[in-house]
Amino acid sequence: MNAKTTHPTIADVARQAGVSTATVSRVINKSGNVTAVTIARVQAAIAALDYAPHSGARVLASRRARTIGLITPTISDLFFTDLLRGIEQTVYENDYTLLVHATQGRSYDNIIPTLPLNHHNTDGLIIFTNSVDDARLQKLHARHFPLVLLHRSPPADTGIPCVTFENKDGAYRMTEHLITCGYRRIAFVAGPAGNEDAGWREQGYREALAAHGLAIDPALIVPGDFNAAVAATAVTHLLHSQPDIHAIFAADDESARGALQAIQQSGRRVPQDIALAGFDDSLLSQYLNPPLTTVRAPIEAAGRAAAAQLIQLIHTGRADPLTRLPTELVIRESCGWVLVNSEQ
């Protein structure tokens with residue numbers, strides 16, 4: 001970081017908005033009587049200057065809070081639990097504190113002018129997937145503020161370090177495994193639109209089919225949104241419209257759980273009638289009935305790597321541009337591999 005980098009002050013905001021610093025303080029703290037017009041003017045100045053209130057004199061004096069921030073879209077799924085465990089372990093081993101903020105789909109733009117975790121109350125940020133938009137990332141990067149991205153690519157020409165999985169390779173090998181089992185009509189339950197992990201996993205599925213001379217049928221690709229309920233609905237419709245499918249590959253284990261429910265509710269059996277596979281190897285996968293064949297993604301290791309890269313960046317100004325962690329196949333009962341081999 002550049003020690004000479006200056007940050008906007010409350011006086012700068014007051015000057016920009018044409019009000020007193022006391023008025024700016026009242027707007028920030030939501031105290032006192034301030035007209036709606038004045039509030040709008042102050043918020044516009046805050047957004048224009050990218051101002052955030054200081055968290056305390058200790059941070060101001062040292063320029064080092066020994067605090068790392070994590071911004072994530074959600075904190076409610078099993079994937080995030082494993083990820084957080086890895087981040088926490090590395091953060092605490094290095095004598096830092098971790099602050100976590102979930103955006104829950106909110107957009108940080110002119111309506112919410114400042115990120116709650118920023119250069120005033122943390123030494124650096126881990127940004128998970130698309131919880132912060134490119135424009136905000138570019139502003140933070142321009143301040144020489146340490147950032148590491150998890151499961152998303154950096155904006156062009158920023159070189160912000162990122163940590164991810166070998167998503168395409170893992171999906172390719174799982175699709176190839178299902179083909180090796182003798183399945184030809186293989187459906188895919190896709191992840192959320194715009195999610196990079198989901199996109200690479202679908203690409204791996206498509207490339208494996210093509211490499212083995214199998215047609216890519218758009219009717220066999222349905223939305224799952226990394227959500228069990230969404231996947232269950234989509235697979236229910238799929239089973240009615242495409243009753244001759246041999247196998248289903250879900251882009252994550254939550255979607256696979258929803259697919260399993262839909263298959264069983266249709267009166268079909270897994271794997272005797274339809275094979276099933278997922279991605280992630282989350283804790284639930286081994287306890288499904290039947291246990292789920294899946295791609296093991298090193299989720300906790302990704303969290304550790306992201307925290308380690310950020311701490312290195314804070315202390316040295318350098319980090320690896322890209323950390324891509326390998327995946328591996330975990331073969332259990334749901335893909336029918338045991339059945340296929342017993343028949344040979």
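The values are calculated or read from the model by the stated rules, or taken from the named source; none is laboratory data. Computed from a predicted model, the values in this text were never measured in an experiment. Here Cβ is always computed from backbone atoms with ideal geometry, including for glycine, and neighbour counts include all displayed protein chains.
General remarks:
- In summary, Leu178 fulfils each of the numbered conditions (1) surrounded by fewer than 17 Cβ atoms within 10 Å (Cβ to Cβ); (2) within 30 Å of Gly336 (Cβ to Cβ); (3) not acidic (Asp, Glu) with the single exception of condition (1).
- The set of residues from segment 17-30 being over 36 Å from the mean Cα position of the chain (by Cα) and touching a residue at least 12 places away in the same chain (Cβ under 8 Å) comprises Ala17, Gly18, Val19, Thr23.
This table checks each residue for (1) modelled with pLDDT under 85; (2) in the same structural domain as Val148 (by TED's automatic domain parsing); (3) not in a loop (DSSP other than H, G, I, E, B); (4) not charged (D, E, K, R).
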{"residue": "Gln43", "(1), (2), (3), (4)": "no, no, yes, yes"}
{"residue": "Ile46", "(1), (2), (3), (4)": "no, no, yes, yes"}
{"residue": "Ala61", "(1), (2), (3), (4)": "yes, yes, yes, yes"}
{"residue": "Arg64", "(1), (2), (3), (4)": "yes, yes, no, no"}
{"residue": "Leu70", "(1), (2), (3), (4)": "no, yes, yes, yes"}
{"residue": "Ser76", "(1), (2), (3), (4)": "yes, yes, no, yes"}
{"residue": "Thr81", "(1), (2), (3), (4)": "no, yes, yes, yes"}
{"residue": "Arg85", "(1), (2), (3), (4)": "no, yes, yes, no"}
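- Residue in segment 109-116 that is over 22 Å from Ala48 (Cβ atoms) and either outside the structural domain of Leu260 (by TED's automatic domain parsing) or basic (Lys, Arg) (or both) present: no
- Scanning segment 124-136 for residues being surrounded by fewer than 22 Cβ atoms within 10 Å (Cβ to Cβ) and either more than 19 Å from the chain's Cα centre (by Cα) or within 21 Å of Arg66 (Cα to Cα) (or both) gives a total of 0.
- Checking each residue in segment 146-175 for being over 30 Å from Ile331 (Cα atoms) and either β-branched (Val, Ile, Thr) or crowded, with 18+ Cβ neighbours inside 10 Å (or both) picks out Pro146, Leu147, Val148, Leu149, Pro154, Thr158, Ile160, Pro161.
- Within segment 226-251, residues that are at positive phi have Cβ atoms under 9 Å from residues that are part of a helix (DSSP H, G or I) in these pairs: Phe226/Phe79; Phe226/Asp197; Phe226/Ala198; Phe226/Glu254; Phe226/Ser255, counting only partners at least 6 apart in sequence or on another chain.
- Here the strands (runs of 3 or more DSSP E) wholly within segment 244-344 that include at least 2 residues being polar (S, T, N, Q) are 293-296.
- Within segment 94-125, the set of residues being over 21 Å from Ile75 (Cβ atoms) and at pLDDT below 85 comprises Asp109, Asn110, Ile111, Pro113, His119, His120.
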